[in-house]
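Since the structure comes first, as structure tokens, the remarks are kept for the end.
The values are calculated or read from the model by the stated rules, or taken from the named source; none is laboratory data. Keep in mind that this is a model prediction, so the values were computed, not measured. Glycine also receives a Cβ, built like all others from the backbone with ideal geometry; neighbour counts cover every protein chain displayed.
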Amino acid sequence: MPPDRPLPRVRPLDVVPVRERGDARYALRDPEGLYDGALVVAPAVLFLLRSFDGVSTARDAARAWEAETGEPLPVEEVEALSARLQEALVLEGPAVERARREALAAYRAAEARPPACAGGSYPEDPAACARYLDARLEAAGELAVPARVRGVLAPHIDLRGGGPCHGAAARALARCDADVLVVLGTAHAPLERPFALTTLDFDTPAGRVRTDRALVERLAARGGGDLLHDELAHRGEHSVEFAALWVAHVLGRKRPVAIVPVLVGSLHARIADGRPATSDPRVADFTAALRELFDDLRERVAFVASVDLAHVGPKYGDAEPVSDARLAQVLEADRALLAHARAVDPDGWLGALHREADARNVCGAAPTWALLETLRDRGLAGTLLRHDAWEIDPETGSHVSFAAMGFA
């Protein structure tokens, strides 16, 4: 590589501090799933990766290293690192493009999407899974679930930590008379387009959930078109998977029901600048298409958003563990935000996040907005069924909050 050519761009990876034989290291995990496990690198490599931005050159990286450490770094070593990282699928380039093509072809060739979380978040054995899910339904407690539910706000937290809230959302799901459920899942891996669809059915221990391919193809042409481009993002994404599992368990045993699996990308830019989400014409067109489905299918369709709320604590960038007082503040802020959901107020939902600069890292902000935008002005209101939090990482004192709501 010529030293004046820009270095390849780092792929969006999760960086997790780890220790290896007592030394500080960083694990690079791939949310896209092009490589398994985690690639562990030294702090020096993590520093140099800042220069792999598609603009800086190998000479720029070497200069940045010398400015930081006072030690020279041969340009040839930066180029050699670049070659190794491209082969390891850390950097965008021909190797990553080839891996994506192969992975997408294998995914699309499957008869159905296999469950990614079975055997971890919930049992793989069908009988054990049914008992496990029934226990979560029971743990939800006494609930005033509305009749003839048209929309559900459901958690996508691990069932091991948010089981009662999952059960509450599933109670609302069981009140849906629809033949088709549009599932708006949270995309935890980056998408090139605002939405990503898939045509595959979903296998679960509770049975296979059929995907309505005709509706997927209808929606795939909207929002700028080619919304199957990011289809591979569905392969390891748990947010739609959890919803499909509950659909199979509480509805699929009673009558034929299909889903339309949609992953919703981030609205962070709109949260930051305060502009309406529909200022992006692709977002405006896709949510208009969802509203058209509501009008065309009427009682035959319902909508589910698979989302969580606040993510706070050192695991999510905060300096300190979450104290009881801090958690109380987080839950109070959640309740103010959830008031906009109950009122089916998408602009208020996004505006509240803008005013607080998304200080609580609300995961699922975009799918919730899309649900509210689809349901607005339909004479519906939300009923809050549960609002819980879980210490997801006791080692760092980090918490996640989540809620269940039915719209009728």
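Odds and ends about this structure:
- Here VAL362 meets the list (1) hydrophobic (A, V, I, L, M, F, W, C); (2) surrounded by fewer than 18 Cβ atoms within 10 Å (Cβ to Cβ); (3) in contact with a strand residue (DSSP E or B) (Cβ under 9 Å, 6 or more places away or on another chain) almost entirely, failing just condition (2).
- Within the range 146-161, tally of residues that are under 21 Å from GLU237 (Cα atoms) and in contact (Cβ under 8 Å) with a residue 40 or more places away in the chain: 9
Yes/no per residue for (1) surrounded by 18 or more Cβ atoms within 10 Å (Cβ to Cβ); (2) acidic (Asp, Glu); (3) in the same structural domain as GLU217 (by TED's automatic domain parsing); (4) at pLDDT 95 or above:
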site	(1), (2), (3), (4)
LEU290	yes, no, yes, yes
ARG300	no, no, yes, yes
VAL304	yes, no, yes, yes
ALA319	no, no, yes, no
ARG326	no, no, yes, yes
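- Residues of the range 26-50 that are over 28 Å from ALA187 (Cβ atoms) and surrounded by 13 or more Cβ atoms within 10 Å (Cβ to Cβ): ALA42, ALA44, PHE47, LEU48.
- Any chance LEU133 is in the same structural domain as ALA284 (by TED's automatic domain parsing) and outside any loop (DSSP other than H, G, I, E, B): yes
- Counting only helices (runs of 4 or more DSSP H) that fall entirely inside the range 187-274 and contain at least 1 residues that are within 30 Å of ALA135 (Cα to Cα) and among the aromatic types (Phe, Trp, Tyr), the qualifying elements are 238-247.
- Residues of the range 39-75 that turn out to be in a helix (DSSP H, G or I) and among the β-branched types (Val, Ile, Thr), as a count: 3
- The residue list ARG108, ARG113, ARG63 contains one member that is more than 19 Å from PRO8 (Cβ to Cβ), of a type in the set (Lys, Arg) and surrounded by 16 or more Cβ atoms within 10 Å (Cβ to Cβ), which is ARG113.
- Residues satisfying the stated conditions in the range 363-408, i.e. part of a strand (DSSP E or B) and of a type in the set (Phe, Trp, Tyr): TRP390, PHE402, PHE407
- Any chance LEU385 is buried (at least 16 other Cβ atoms within 10 Å of the Cβ), under 20 Å from the mean Cα position of the chain (by Cα) and of a type outside the set (Gly, Ala, Ser): no
- Qualifying residue in the range 285-308 (condition: over 14 Å from the mean Cα position of the chain (by Cα) and assigned to a loop (DSSP other than H, G, I, E, B)): no
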